[in-house]
Amino acid sequence: MRGSETVRSGPVPAEAGASGVERVAEEARAADGPRGEAAGADGACVPVIAGAGPVTRPGERATVRLRDGGPEEPPRYAPEWLQLREGADAAARAQGLLDVLRARLAELPGGLVVHDLGCGTGSMGRWLAPRLDGAQHWVLHDRDPYLLHFAAVASPRSAADGSHVTVETRRGDVARLTPDALAGASLVTASALLDVLTHEEVATLADACTGADCPALLTLSVAGRVELTPADPLDTEIAEAFNAHQRRDGLLGPDAVTEACEAFAARGATVRLNPSPWRLGPEDSALIEQWLRGWVGAAVEQRPELRERAESYLQARLAACAAGELQAVIHHTDLLALPRTTDGAS
């Protein structure tokens, strides 16, 4: 892939993996040095990310941009946010698509080669690798060397049947993916990526995957729907402003899954969709709090006239969250695209 840098790594030590994520974060942070920007108490006084995560706090670091060239993108996800949401992501991913994927991958000879795009801290690998049989080699793609270090060190070392799992990292621009970059790939994965791509970038992704005859499992794309209990009259207005914020600068936001379906189908792939909502309750109060700050902050950035009402709304919602009285269903969609095989079957 153009402009990429590759680092290979073997399996992680036994004490790493999901249980060692916090230790890995500290190790990576110490190696990289402190970075981050302060945020206001309500998250509305500094630029906010396009997704549903929080603004960065003192001592946290947001990831760098997805793309090479062009204007600098605003900071996106801090590793602390990715770590906080990992459990909810794992619970939400569509098991039905996994069954279909396993059947397709079982037809392939030899071990699996999996390319994870925009890998972040590597949560997709920690979820998926132990659910697939056979030897696996994961190629982790991200723009941020800090996150690539984190993902490689915390990657799983064993498949579902005990087979070996290895990993390499590639620092590069996922928006420039080509079929050649995926040569030999068994599967492409991504999590929470489609909605921060443009129409052209989704087309590039579909071209690369179908050109390499490679299935794609693209999970946790925002659907633009949120259900909060108890309801508030301002819920709908905040949601609409947030969705508009996600569509800034040509990004697809909640339209991403529809665009991706059309792009893969136009290239002959069979596309399957499954809902993958976060279902959050009192036990998820830390995640709900941070999600609320980012969600409301993005809405206010999109529509500054909401600020006064939104500040009161946010404080009331945070109080309900702290009291264990708030529940949230945040809708996402998982997509599995199966390109036609060389014999014409899907």
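The values are calculated or read from the model by the stated rules, or taken from the named source; none is laboratory data. All of these numbers come straight from a predicted model, not from anything done at the bench. As a convention, Cβ positions derive from the backbone with ideal geometry for all residues, glycine included, and neighbour counts pool all protein chains shown. Heavy atoms of the whole protein, side chains included, go into the accessibility calculation; ligands, DNA and RNA do not. Shrake-Rupley method; radii C 1.70, N 1.55, O 1.52, S 1.80 Å.
Quick look at the values:
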| quantity | calculated |
| --- | --- |
| Any pair with Cβ under 8 angstrom, 6 or more apart, that starts in the stretch 322-339 at a residue that is of a type in the set (G, A, S) and ends at one that is assigned to a loop (DSSP other than H, G, I, E, B) and open to solvent by less than 30 Å² (accessible area, probe 1.4 Å) | A337/P215; A337/A269 |
| The stretch 164-176, subset open to solvent by less than 30 Å² (accessible area, probe 1.4 Å) and of a type outside the set (A, V, I, L, M, F, W, C), residue nearest to W138 (Cα to Cα) | E168 |
| L132 modelled with pLDDT under 95, open to solvent by less than 10 Å² (accessible area, probe 1.4 Å) and not basic (K, R) | no |
| Residue list for the stretch 177-200, restricted to those being surrounded by 15 or more Cβ atoms within 10 Å (Cβ to Cβ) and on the phi > 0 side of the Ramachandran plot | A192 |
| Residue count for the stretch 114-145, restricted to those that are of a type in the set (G, A, S) and not in a helix (DSSP H, G or I) | 5 |
| V153, sole failed condition from (1) closer than 22 Å to A92 by Cβ; (2) hydrophobic (A, V, I, L, M, F, W, C); (3) open to solvent by 20 Å² or more (accessible area, probe 1.4 Å) | (1) |
| Residues of the stretch 285-328 satisfying the condition of being open to solvent by 40 Å² or more (accessible area, probe 1.4 Å), over 21 Å from G253 (Cβ atoms) and not small (G, A, S) | E289, R307, E308, R309, E311, Q315, E325, Q327 |
| In the stretch 206-227, residue farthest from the chain's Cα centre (by Cα) [restricted to those that are under 24 Å from N243 (Cα atoms) and open to solvent by 10 Å² or more (accessible area, probe 1.4 Å)] | E227 |
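Yes/no matrix, rows are residues, columns are (1) open to solvent by less than 10 Å² (accessible area, probe 1.4 Å); (2) modelled with pLDDT of 95 or more; (3) under 17 Å from the mean Cα position of the chain (by Cα); (4) at positive phi:
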residue	(1), (2), (3), (4)
A88	no, yes, yes, no
A103	no, no, no, no
A106	no, no, no, no
V113	no, yes, no, no
D116	yes, yes, yes, no
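Results for (1) out of contact with any Ser or Thr (no Cβ under 7 Å at 6 or more places or on another chain); (2) farther than 24 Å from A286 by Cα, shown as yes or no for each residue.
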site	(1), (2)
E86	no, no
D89	no, no
A92	no, no
Q95	yes, yes
V100	yes, yes
L105	no, yes
L112	no, yes
T121	yes, no
